[in-house]
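Here the structure comes first, spelled out in structure tokens, and everything after it is commentary.
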Amino acid sequence: MAKLWVRWVCLAVTCALFIAAVPGQPVGDPAEAAMHAIRPEAIRAAMRFLADDQLEGRGTATRGYEIAAKYMASEFESIGLSPAGDASTYFQKVPFRSVHVEAAGAAFTVIRNGQAENFLFGSDFLPGGDANRKESLVEGPVVYVGFGVTAPELNYDDYKGVDAKGKIVALVFEAPNFASSLRAHYSSFEIKVANAVAHGAVGMIILNDPVLESIYSFSERKRDLERPGLRWIEKDGTLHDSFPQLKGGAGLSLEATKKFLEGSGHTADEVFQAAKEGKPLSFPLPFTVKIREQQKLEDVSSPNVVARLEGSDPALKNEYMVFSAHLDHLGIGAPIHGDSIYNGALDNASGCAILLELARAFAQMNPRPKRSMLFVAVTGEEEGLLGSDYFATNPTVSKKDIVANVNIDEDQMLWPLVDIIPFGAEHSSLGAVVKHASARLNLELSPDPMPEEVIFVRSDQYSFVKQGIPAVYPTPGFKSNDPNIKPVEIFKNWEATRYHQPQDDMQQPGLDFNQAAKYAHFVFLCGWLISQDPTRPTWNEHDFFGDHYAHKM
Ligand SMILES: [Zn+2]
């Protein structure tokens, strides 16, 4: 810690000198002082509260989460932000249907030449969980459809030449080697399900391949099945993004995938290799499958926390720059090393703590930023970006008045910050914003270093993108100025030993709140630049996301 602290001071001094030496840098503009009001110790304090065992891991729709939401609302109130949730409160209630898979009623049977082979729950297969009905049953022929992606604008179609109508589709996770965000978009589960339904499929099987196993292993998925899955409920009572046309679904383990593909004319290795090369084959399988699921359904709710800082410009204050950070984590779950509370300190007490400091820093400005700002702590992120999806679909201000979203999730404050990876910035004029902010802080910008992890669809900015709102998710990058500090190794080690485990808590070594504050400066400047610019952010011309979603505004 001491070493990192000393390093940070050195970097900060270099940075200040650099800024002073560059002509035309806006030194002394109001943002400079406001930004430096962000306090590392306040970030630490808020994280310490939110990641405390008493909050029981802030699982969506649990008491621990409710306390966290009350805490955020109280802080926003004390900072002087106004309530911007439902009915003049800080809370936007999100109605959910929870789905608890019941192992006893689950079955997966492969029928080859009249011979039934039962796969085993938990070791061979896991049921998908069907929010639309208590009991699901589907039986039919199976067709393998590669990634299950149809992307006409990229001249790509896994369904070409196969007939999925009335059939169960089997597919692998991931997507073709499109550019980073597009690859992420097409790998997203909702997009694949919608595409399967559009092709007439009645069931879905997710095969396991080494890529999926490395990102989200079968054993992790099994562990996560102990927590209920969630879907949010539309005003008409139907479930959002939940397709009743699919009457059954399951995921297979790596071993079961190999067994499943036996006799298909293609070995699992061939199938994996073709997928890895980005050109999977599609072919019908010579057997039928029967999937049975049973689940307990319950209607619950959990709030987003929404606070407003009114802008100072008479016209621009009617528009909103939205900061988001997810407040939920995984709650209480299977014990690991004797601990069952998934505290979620970096994921994402860090983001919520930074959200509070940003709110405080902007609220102290006089005059305040020109545009209004919304600070939104969302629920249900870990269950599939649900709280942000609900907010972006049903915002508490007019959707067309939301100009941009900047999302904060899992600030890796474990090494000195040298560069930023601005996920999604390349699609809109926010690209210029992140350039400006990074130059001012003497930070570098880096491209997505691991497109296979599809990070662009794994946090809440994606919910805003899908509503046509330009969004960016900046994260600390992996560059280092010190050969003894290797951020990629630190991060990989963190992922393996703490990510989504009870060990992501305040006791973990290496939490460096000065680095968190430095990262917060970057996010602050992004928000500041967006709120001051007389022109609102725009999608780049012919951008995929702009073309697909801007009409939703
Ligand atoms: Zn997470």
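Just a few scattered comments:
- Region 126-176, residues that are among the β-branched types (Val, Ile, Thr) and either surrounded by fewer than 16 Cβ atoms within 10 Å (Cβ to Cβ) or closer than 22 Å to residue 271 by Cα (or both): 142, 143, 145, 149, 150, 162, 168, 169, 172
- Residue check, residue 65 modelled with pLDDT of 95 or more, touching an Asp or Glu at 6+ places or on another chain (Cβ under 9 Å) and surrounded by 15 or more Cβ atoms within 10 Å (Cβ to Cβ): yes
- Scoring residue 301 on the criteria (1) in contact (Cβ under 8 Å) with a residue 24 or more places away in the chain; (2) under 29 Å from residue 159 (Cα atoms) leaves a single failure, condition (2).
- Pairs where the first residue, in region 476-504, is under 19 Å from residue 443 (Cβ atoms) and the second is open to solvent by 50 Å² or more (accessible area, probe 1.4 Å) and among the hydrophobic types (A, V, I, L, M, F, W, C), C-beta under 9 Å, 6+ apart: 477/445; 478/488; 478/490; 480/488
- Number of positions in region 335-349 that are in contact with a strand residue (DSSP E or B) (Cβ under 7 Å, 6 or more places away or on another chain) and either closer than 18 Å to residue 376 by Cβ or hydrophobic (A, V, I, L, M, F, W, C) (or both): 4
- Any chance residue 87 is open to solvent by 50 Å² or more (accessible area, probe 1.4 Å), among the small types (Gly, Ala, Ser) and over 18 Å from residue 303 (Cα atoms): no
- The numbered conditions (1) more than 16 Å from the ligand (Cβ to nearest atom); (2) at pLDDT below 95; (3) buried (at least 20 other Cβ atoms within 10 Å of the Cβ) are all true for residue 472 except (2).
- Looking at 179, 107, 198, just one residue is open to solvent by 50 Å² or more (accessible area, probe 1.4 Å) and at pLDDT 95 or above, and that residue is 198.
- Which listed residue is among the small types (Gly, Ala, Ser) and under 30 Å from residue 259 (Cα atoms), from 80, 122: 122
- Subset of region 498-521 (residues that are closer than 19 Å to residue 332 by Cβ and either within 16 Å of the ligand (Cβ to nearest atom) or among the small types (Gly, Ala, Ser) (or both)): 498, 499, 500, 501, 502, 503, 504, 505, 508
- Matching residues in region 203-223 - criterion: being of a type in the set (Val, Ile, Thr) and closer than 14 Å to residue 187 by Cβ: 206, 211, 215
- Condition met for residue 241 (surrounded by 23 or more Cβ atoms within 10 Å (Cβ to Cβ), under 26 Å from the mean Cα position of the chain (by Cα) and under 30 Å from residue 299 (Cβ atoms)): no
- The residues of region 493-526 that are small (Gly, Ala, Ser) and surrounded by 18 or more Cβ atoms within 10 Å (Cβ to Cβ), listed by number, are 516, 517, 520.
- Scanning region 152-191 for residues being within 28 Å of residue 386 (Cβ to Cβ) and among the basic types (Lys, Arg) gives a total of 1.
- Residue, nearest to the chain's Cα centre (by Cα), within region 471-522, restricted to residues that are acidic (Asp, Glu) and part of a loop (DSSP other than H, G, I, E, B): 504
- Lone unmet requirement of (1) in contact with an Asp or Glu (Cβ under 9 Å, 6 or more places away or on another chain); (2) assigned to a helix (DSSP H, G or I); (3) at pLDDT 95 or above; (4) open to solvent by less than 50 Å² (accessible area, probe 1.4 Å) for residue 55: (1)
- Among the residues making up region 201-218, a single one is modelled with pLDDT under 90 and not in a helix (DSSP H, G or I): 216.
- The single residue among 537, 474 that is touching a strand residue (DSSP E or B) at 6+ places or on another chain (Cβ under 6 Å) and within 30 Å of residue 224 (Cα to Cα) turns out to be 474.
- Residues in region 250-275 that are of a type outside the set (Gly, Ala, Ser) and open to solvent by less than 20 Å² (accessible area, probe 1.4 Å): 252, 257, 260, 261, 271.
A quick yes/no check of all residues on (1) touching a residue at least 24 places away in the same chain (Cβ under 8 Å); (2) touching a helix residue (DSSP H, G or I) at 6+ places or on another chain (Cβ under 7 Å); (3) within 22 Å of residue 256 (Cα to Cα); (4) among the charged types (D, E, K, R):
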position	(1), (2), (3), (4)
158	yes, no, no, yes
166	yes, no, no, no
172	yes, yes, yes, no
180	yes, yes, no, no
183	yes, yes, no, yes
193	yes, no, yes, no
197	yes, no, no, no
200	yes, no, no, no
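Listed here are the residues, each with its yes/no results for (1) over 21 Å from residue 536 (Cα atoms); (2) open to solvent by less than 30 Å² (accessible area, probe 1.4 Å).
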{"position": "430", "(1), (2)": "no, yes"}
{"position": "444", "(1), (2)": "yes, no"}
{"position": "459", "(1), (2)": "yes, yes"}
{"position": "467", "(1), (2)": "no, yes"}
{"position": "491", "(1), (2)": "yes, yes"}
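- Residue among 384, 380, 424 that alone is within 20 Å of residue 328 (Cβ to Cβ), at pLDDT below 95 and out of contact with any His (no Cβ under 7 Å at 6 or more places or on another chain): 384
- Any chance residue 243 is touching an Asp or Glu at 6+ places or on another chain (Cβ under 7 Å), more than 30 Å from residue 528 (Cβ to Cβ) and at pLDDT below 95: no
The values are calculated or read from the model by the stated rules, or taken from the named source; none is laboratory data. What you see is a predicted model, and the numbers here were worked out from it, not measured in a lab. Don't worry about glycine lacking a Cβ; one is built from the backbone with ideal geometry, like all the others, and counts go over all protein chains shown. Side chains included, ligands, DNA and RNA excluded: accessible areas come from the protein's heavy atoms. Shrake-Rupley method; radii C 1.70, N 1.55, O 1.52, S 1.80 Å.
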